[in-house]
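Novice: Just passing along the structure, written as structure tokens.
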Amino acid sequence: MKFFIDTANLDQISEAQSLGVLDGVTTNPSLMAKEDITGKQNIIDHYKKICNIVDGDVSAEVISTDFEGMIKEGEILAALHPQIVVKLPMIKDGIKACKYFSDKGIRTNVTLVFSAGQAILAAKAGATYVSPFLGRLDDISTDGLHLISEIRHIYNNYGFETKILAASIRHTMHVIDCAKIGADVMTGPLSSITGLLNHPLTDIGLAKFLEDYEKGN
Ligand code: E4P
């Protein structure tokens, strides 16, 4: 399973990259705003900075909600850097734009997916990635992991090549459960990646090894 980090924070992206296990980055307008990155040019410059830190795919989201606007924005974003993946909302014009970009060989990520039906449409439109938001489903007492497994099952049935990018990951158990289901990618905060390091028996074991080494020296 690939690991993407879901942030526009350059320090956190660099920290994850330095671990050597990072495969890409996802951003959205809210994550950009959280870092005080506003205005078209600043946002574009920020995407370039992110691409210079990581080796993998970087999702850059369009703001337009109409087909023509999405095409215009998406073409500008895709031309920024070969690592950019155009992120499109799961609405009618988003699906049309997804088909347009996939026919042109421009990679896409269909975002804000909350149902298996939406995931089928994204795959049929040739999306490179589909982003089901599991945390936000959990937030409304709906089983987000169940959606990931439904999409896995359906995509396997038909050999859809669209990658399942489990999004809105909140914690390490989401990461582990998505890996069990067979999500292709997970995107989450830095803590969902670094949290996987932790086990008290590792800490106790290491302390004992070091203590015993000291005794013998
Ligand atoms: C996905 O690409 C989104 O940026 C993201 O995962 C949303 O997560 P949230 O529900 O934690 O905002």
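Novice: Could you figure out which of (1) assigned to a helix (DSSP H, G or I); (2) open to solvent by less than 70 Å² (accessible area, probe 1.4 Å) isn't true of PHE209?
Specialist: (2)
Novice: OK, next. Of the residues in segment 176-211, how many are in contact (Cβ under 8 Å) with a residue 40 or more places away in the chain, under 28 Å from HIS153 (Cβ atoms) and of a type in the set (Val, Ile, Thr)?
Specialist: Matching residues across segment 176-211 total 3.
Novice: Next up: Among the listed residues THR27, THR7, identify the single one that is within 16 Å of the ligand (Cβ to nearest atom), among the polar types (S, T, N, Q) and touching a His at 6+ places or on another chain (Cβ under 9 Å).
Specialist: THR27
Novice: Something else now. Going by the conditions given, is THR108 within 30 Å of ASP45 (Cβ to Cβ), in contact with a Phe, Trp or Tyr (Cβ under 8 Å, 6 or more places away or on another chain) and either within 14 Å of the ligand (Cβ to nearest atom) or touching a residue at least 40 places away in the same chain (Cβ under 8 Å) (or both)?
Specialist: When the stated conditions are applied, THR108 passes them.
Novice: Taking segment 75-104, which residues are open to solvent by less than 60 Å² (accessible area, probe 1.4 Å) and more than 16 Å from the ligand (Cβ to nearest atom)?
Specialist: ALA78, LEU80, HIS81, ASP93, ILE95, ALA97, PHE101, SER102
Novice: Oh, and also: So, of the residues in segment 148-197 that are more than 16 Å from the ligand (Cβ to nearest atom) and polar (S, T, N, Q), which turns out to be surrounded by the fewest Cβ atoms within 10 Å (Cβ to Cβ)?
Specialist: Going through the qualifying residues, I end up with ASN157.
Novice: What number of residues within segment 15-42 are open to solvent by 50 Å² or more (accessible area, probe 1.4 Å) and free of Cβ contacts under 8 Å to residues at least 40 places away in the same chain?
Specialist: Total satisfying the criteria: 12.
Novice: Take the conditions charged (D, E, K, R) and at pLDDT 95 or above and apply them to LYS92. Does it pass?
Specialist: Answer is yes for this residue.
Novice: Can I ask one more? With respect to TYR129, determine if the residue is of a type in the set (Ser, Thr, Tyr), in contact with a strand residue (DSSP E or B) (Cβ under 9 Å, 6 or more places away or on another chain) and within 13 Å of the ligand (Cβ to nearest atom).
Specialist: In short, yes.
The values are calculated or read from the model by the stated rules, or taken from the named source; none is laboratory data. Nothing here was measured: the structure is a model prediction, and the numbers come from that model. Reconstructed Cβ throughout: ideal geometry from the backbone, glycine too, with neighbour counts over all protein chains shown. Surface accessibility is based on the protein's heavy atoms, side chains included, excluding ligands, DNA and RNA. Shrake-Rupley method; radii C 1.70, N 1.55, O 1.52, S 1.80 Å.
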